[in-house]
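The values are calculated or read from the model by the stated rules, or taken from the named source; none is laboratory data. Computed from a prediction, not measured in an experiment: that's the story for all the values here. Cβ placement follows ideal geometry from the backbone for every residue including glycine, while neighbour counts extend to all protein chains displayed.
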There are 2 protein chains.
Amino acid sequence: MSVRIDETDRKILSELQTDAGRSLDEIAKAVGSSKTPVWNRIRKMREAGIIGPPTVVPDAEALGFEATFFVLIRTSEHEADWQRRFLAALQARPEVQEAHRLAGDIDYILKVRVKNARAYDVFYQALISEVRVYNVTALLSMEELKSTRALPL
Amino acid sequence: MSVRIDETDRKILSELQTDAGRSLDEIAKAVGSSKTPVWNRIRKMREAGIIGPPTVVPDAEALGFEATFFVLIRTSEHEADWQRRFLAALQARPEVQEAHRLAGDIDYILKVRVKNARAYDVFYQALISEVRVYNVTALLSMEELKSTRALPL
DNA sequence: GCTGAAAATAGGCGGGT
DNA sequence: ACCCGCCTATTTTCAGC
């Protein structure tokens, strides 16, 4: 399932992940190639699922999402059914922007974006009423120092 | 500096943050409006900085970035100069995808994406050689259950 | 697999309502 | 402020090399 990506593909991705709004001509010039081959490579990478659709990142602060929490979760339950319900709950809640299953002491970490601390409490109460967790620690972000999804290609 | 966003703007943002690749006509139809007003609203939101340029999210796994760490950092140093250097180090390192200054016990959390555990160690050694930290805990992600930057508008 | 051009489509802009 | 249609740029396809 691993895909072979050459240097040109990497350059194209690098351009797209910083600004996908430019014309093919500009991107082609930036990577030292021409329109058609660049277009073909992008199409192939889309089909291979290496890149998703272009998206726009809204400014959370400007839209009133002023509270970000990182939530560390321990659970004592590790049965398949519990996991399935927990996963479904995370997927269903739009305030959960990231969810990872971890190795070690802490079982899960979530990144939760909400309008304010009050809204976090609503989320938290709803979550623990849906699935049983052993211990939850919420870390409140005071300042977002960096936020990107760009990979160092 | 707060911007007034009405229901139509919210709908447009909602469309754009899931797929910015569709034509203006399609988006206009989806939000129940027409080309010109939608275009004007998008332009205004871009100018106001509410949305950045369209970008494409590459599939990290497919590109060989197979290790994600969440790094919890405690420090004893809180002088302005230390903070400045720490911030500069984070900005300069492309493997740092997120960095937040926290309230409470733990001072900072980072999300670090690297090719493998070995690469994380390289990053870690480089970081602690640049800035002094008191305590570092790395949480290794076993599975990315959810990852989005979309806001619930 | 690249080039260049042709066809299809969407962005951008002005006038009208 | 929105709707409509024109013009232009860009995307997408397809021939030939």
Please indicate, with yes or no, whether at least one residue in the stretch B:73-92 is within 14 Å of DNA strand D (Cβ to nearest atom) and farther than 26 Å from B:Ala117 by Cβ. no
Scan the stretch A:27-40 for residues that are crowded, with 16+ Cβ neighbours inside 10 Å, more than 12 Å from chain B (Cβ to nearest Cβ), within 11 Å of DNA strand D (Cβ to nearest atom) and among the β-branched types (Val, Ile, Thr) and jot them down. A:Val38
If A:Arg43 meets every condition in (1) away from DNA strand D (no atom under 12 Å from the Cβ); (2) without any contact (Cβ under 8 Å) to a residue 24 or more places away in the chain apart from one, which number is that one? (1)
May I ask you to verify whether B:Gly52 is within 16 Å of DNA strand C (Cβ to nearest atom), within 25 Å of A:Glu98 (Cα to Cα) and at the interface with chain A (Cβ under 10 Å from one of its Cβ atoms)? yes
Which one of the conditions (1) within 16 Å of DNA strand D (Cβ to nearest atom); (2) facing another protein chain (nearest Cβ under 7 Å) does A:Leu24 fail to meet, given that it meets all the rest? (2)
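Taking the condition away from DNA strand C (no atom under 16 Å from the Cβ), on the phi < 0 side of the Ramachandran plot and without any contact (Cβ under 8 Å) to a residue 12 or more places away in the chain, does A:Asp6 pass? Quick ask: steps written out before the conclusion?
Working: away from DNA strand C (no atom under 16 Å from the Cβ): no; on the phi < 0 side of the Ramachandran plot: yes; without any contact (Cβ under 8 Å) to a residue 12 or more places away in the chain: yes.
No; evaluated as a whole, the condition is false for this residue.
Can you go through A:Ala80, A:Ala99, A:Ala67, A:Ala89 and tell me which one is small (Gly, Ala, Ser), at pLDDT below 95 and in the same structural domain as A:Phe123 (by the TED database)? Walk me through it before giving the result.
Details: A:Ala99 fails: at pLDDT below 95; A:Ala67 fails: at pLDDT below 95; A:Ala89 fails: at pLDDT below 95.
When all the criteria are applied, what remains is A:Ala80.
Out of the residues in the stretch A:39-49 meeting the condition of being more than 8 Å from DNA strand C (Cβ to nearest atom) and touching a helix residue (DSSP H, G or I) at 6+ places or on another chain (Cβ under 9 Å), tell me which one is farthest from B:Pro53 (Cα to Cα).
If we take residues in the stretch A:39-49 being more than 8 Å from DNA strand C (Cβ to nearest atom) and touching a helix residue (DSSP H, G or I) at 6+ places or on another chain (Cβ under 9 Å), then A:Lys44 is farthest from B:Pro53 (Cα to Cα).
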If I ask for residues that are hydroxyl-bearing (Ser, Thr, Tyr) and closer than 21 Å to A:Glu61 by Cβ, which ones from the stretch B:9-57 would you list? B:Ser14, B:Thr18, B:Thr55
For the stretch B:1-21, which residues satisfy the criterion of being within 9 Å of chain A (Cβ to nearest Cβ), farther than 17 Å from A:Pro53 by Cβ and within 10 Å of DNA strand D (Cβ to nearest atom)? none
